[in-house]
Amino acid sequence: MPTEEVFTLPERNSMNGTIVSTKPLSHNGTVIEGIVFKVENGKIVEAHAKQGEEVLRSAISVDEGASYFGEVALVPYDSPISNLKLLFYNTLFDENAVCHLAIGRGFTDTIRDCHNKTLDECRQLGINESMIHEDFMIGCDSMNIDAICADGKVVPIFRNGNWAF
């Protein structure tokens, strides 16, 4: 019988460091540029922006989950939207340009067999809850991403903004 591959989410409080956006974000009619988040134990503890900082801080203060992340999306820099060299100021288009993160709510349907799980079970598996879900772009043509396997092996995922095949 084949074994099922299991992906384990990192603990909610395991993320630490600085996250910098690479494209402006349009949020509730305000353009936010130059986003910089300081993250400690998975939570955004500082939020700065060159433009729209008060709106950004308000967004991460909506509820407890708004200051945590609900999505990580790997999108190659060499994507159709990125190649247009346009910014639509509409997240539904712009999020398809490059890698992005989202503050706030995560999606339970990303969990295998989610329809047979309770909300509490989804929370235990790492799904973040919030009234908001706001994507912001972090990808660029020099982004490198590595996976660290359970055995310690490092596997390249992205090189220079694109899949490392």
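Observations on the structure shown:
- Residue in segment 1-8 that is under 28 Å from ALA150 (Cα atoms), surrounded by 15 or more Cβ atoms within 10 Å (Cβ to Cβ), modelled with pLDDT under 95 and not β-branched (Val, Ile, Thr) present: no
- Contact annotation: residue pairs with Cβ atoms under 6 Å, 6 or more positions apart or on different chains, pairing a residue in segment 34-62 that is farther than 19 Å from GLU129 by Cβ with a partner that is at pLDDT 95 or above and part of a helix (DSSP H, G or I), are ALA47/LEU56; ALA47/ARG57; ALA49/LEU56.
Every residue, every condition in (1) closer than 19 Å to SER142 by Cβ; (2) open to solvent by 60 Å² or more (accessible area, probe 1.4 Å); (3) aliphatic (A, V, I, L, M), yes or no:
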| site | (1), (2), (3) |
| --- | --- |
| GLY17 | yes, no, no |
| SER21 | yes, no, no |
| LEU25 | no, no, yes |
| ILE60 | no, no, yes |
| TYR89 | no, yes, no |
| LEU92 | no, yes, yes |
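- Number of the condition not met by GLU64 [criteria: (1) over 24 Å from THR18 (Cα atoms); (2) surrounded by fewer than 14 Cβ atoms within 10 Å (Cβ to Cβ)]: (1)
- Summed over segment 33-90, the residues that are touching a strand residue (DSSP E or B) at 6+ places or on another chain (Cβ under 8 Å) and either more than 20 Å from ASN160 (Cα to Cα) or outside any strand (DSSP E or B) (or both) give a count of 38.
The values are calculated or read from the model by the stated rules, or taken from the named source; none is laboratory data. On a predicted model such as this, the values are computed, not experimentally measured, just so you know. Because the Cβ atoms are built from the backbone with ideal geometry, glycine has one as well, and the counts that use them run over all protein chains shown. SASA here: full protein model, heavy atoms, side chains in, ligands and nucleic acids out. Shrake-Rupley method; radii C 1.70, N 1.55, O 1.52, S 1.80 Å.
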